[in-house]
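Have a look at the structure below, then the notes.
The values are calculated or read from the model by the stated rules, or taken from the named source; none is laboratory data. As the structure is a computational prediction, the values presented were derived from the model and not from experiment. Here the Cβ positions follow ideal geometry from the backbone for every residue, glycine too, while neighbour counts run over all protein chains shown. These area figures cover heavy atoms from the full protein model, side chains too; ligands, DNA and RNA do not enter into them. Shrake-Rupley method; radii C 1.70, N 1.55, O 1.52, S 1.80 Å.
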Number of protein chains: 2
Amino acid sequence: MNANSPASGAALRIGELAAATGVSTSALRFYEKHGLLGKAARGGNGYRQYAPDAVERVGLIRLAQRLGFSLEQVRGILGRAGEPLDHQQILTGLQARLAEIEQMQSTLAAQHTGLTCMLGKLHEHWDLGRCLPLAKLLDGHAAGDSA
Amino acid sequence: MNANSPASGAALRIGELAAATGVSTSALRFYEKHGLLGKAARGGNGYRQYAPDAVERVGLIRLAQRLGFSLEQVRGILGRAGEPLDHQQILTGLQARLAEIEQMQSTLAAQHTGLTCMLGKLHEHWDLGRCLPLAKLLDGHAAGDSA
DNA sequence: GCTAAGCTTGAAGTGCTGTTTAAGGTCAAG
DNA sequence: CTTGACCTTAAACAGCACTTCAAGCTTAGC
């Protein structure tokens, strides 16, 4: 029953960490296997023993995921395990993601323009064929946009 | 050698259609199998015989893909085969994609804001932990789709 | 008529990501 | 003793758009 009673000051077991973070135990093991979480110490029974700050680490992983980072990118940013957290590396990673986002934004903007344009054309004359040239609009720059 | 010489007025073989559209033959068969392309007529030899307007159809499929439609969505829009092309269905499909795009745009915008914010915080005090509250910012309005 | 290129089929494989599940066993508490 | 949390590794899943494979046709040029 009480498998999940926080031992106040000390180590968390995987189920406790899972409960504390909202991440499944299997996901936590997965993170560990992929170097996101760092190998937990083990008790005499072989159970993982997480220090309380693991909660924050997991929180950071989930935050990063929400910011659109893949787990591989997260590992690139947070470092492979409990290592020092290289500031430069973090900045670089964040900026790279920012660039990625901007790239996607311009792709989406171009698609948006293209679709809007298409809807306009379809209101006039009902010919999808006339929309084909829009393809060039999507290639053209994928960056800026011009209606 | 001349397997790909357009027989002027008449039917295209799959390789010819592929050459004309820049889509591989295997992809064309794949499209057919999934109802995007409509079953081609067959010659006495069993080869597919495409009418010249298949080129346009394939062009539309590729255009749609560039607009971010999945093949399944394309099928929803263009109709399951050589059917009449339901105008209403097309409009609905395009608008649905437009909504999808806008959804993604707001997700990306939120991520962008979050990241920028994070970079700001990190310049001040070097504590990633202080960035955790940003998670709420991401929840705030854009559904948790990161893609 | 030989050979190479092109066509036919269906099934399975590919690449990517993030988990989850399954199978088989250990450990602790009621 | 039984339940439930934990351990391990390996494999499955899910979604997308194809590609590849194998085995066996046809067609075209020489």
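Brief remarks follow.
- Aspartates and glutamates whose Cα lies under 18 Å from that of B:LYS136, excluding same-chain neighbours fewer than 8 positions away: A:GLU56, B:ASP127, B:ASP145
- Chain A - Rg over Rh from alpha carbon coordinates, Kirkwood radius: 1.25
- Compactness of the protein assembly as shown was expressed as the Cα radius of gyration divided by 2.2 N^0.38 Å, which yields 1.37.
- Probing with 1.4 Å while keeping every protein chain in the model, the per residue accessible area of chain B equals 54 Å².
- Peptide B:85-98 has a mean of 2 when you count, residue by residue, the C-beta atoms of other protein chains within 10 Å of its C-beta.
- Span per principal axis, largest first, for the Cα atoms of the stretch A:87-147 (Å): 57, 17, 15
- Cross-link partners of B:LYS33 among lysines (Cα-Cα below 19 Å; sequence separation of 8 or more within a chain): none
- For B:SER70, label point 7 Å along C-beta direction: distances to other copies, nm: 1.9
- In a reduced charge model with +1 at each Lys and Arg Cβ and -1 at each Asp and Glu Cβ, chain A shows a dipole moment near 620 debye about its Cα centre.
- Per-pair calculated FRET efficiency, R0 = 45 Å: B:LEU71 and A:ALA19 via Cβ, rounded to 0.05: 0.65
- Cubic angstrom per residue, convex hull over Cα atoms of the stretch B:10-86: 85
- Here chain B exposes an accessible surface that is 53 percent carbon and sulfur, computed with a 1.4 Å probe and the other protein chains kept in place.
- Residue among B:GLY44, B:GLY15, B:GLY68 with the largest mean-square fluctuation in a Gaussian network model of chain B, springs linking Cα atoms under 10 Å: B:GLY44
- Virtual paramagnetic centre 7 Å along Cα→Cβ of B:ALA109, amide N under 15 Å, in the stretch A:109-126: A:109-110, A:112-113
- Sites matching chymotrypsin sites (Phe, Trp or Tyr not before Pro) across the stretch B:30-138 that sit in DSSP coil, with at most 12 neighbouring C-beta atoms within 10 Å: B:TRP126
- Normalised by the number of residues in chain B, the average gap of Cα pairs under 8 Å and 6 or more apart makes the relative contact order 16 percent.
- Shortest-first distances to equivalent copies, position B:PRO133, nm, label 7 Å out along Cβ: 5.4
- Sequence-distant residues sharing a close amide H with A:GLN49 (under 5 Å, placed H): A:ALA41, A:ARG42, A:GLY43
- Computed from protein heavy atoms with a 1.4 Å probe, the total accessible area buried between A and B is close to 3900 Å².
- For B:ALA18, neighbours were defined as the other residues whose beta-carbon sits under 13 Å from its Cβ, and their charges (Lys and Arg +1, Asp and Glu -1) total +2.
- When the helices of the protein assembly as shown are scored as -39500 (n - 2.57) per DSSP H run of n ≥ 4 and the total is divided over every residue, the value at 222 nm lands at -18000 deg cm²/dmol.
- Distances in nm from A:LYS39 to the matching label points in the other copies, shortest first (labels 7 Å along Cα to Cβ): 5.9
- In the stretch B:50-65, the residues whose accessible area drops by at least 20 square angstrom when the other protein chains are added to the isolated chain are B:GLU56, B:LEU60, B:LEU63; the probe is 1.4 Å and only protein heavy atoms count.
- Test item: Cα-centred dipole of the stretch B:87-147, Lys/Arg +1 and Asp/Glu -1 on Cβ, debye: 40
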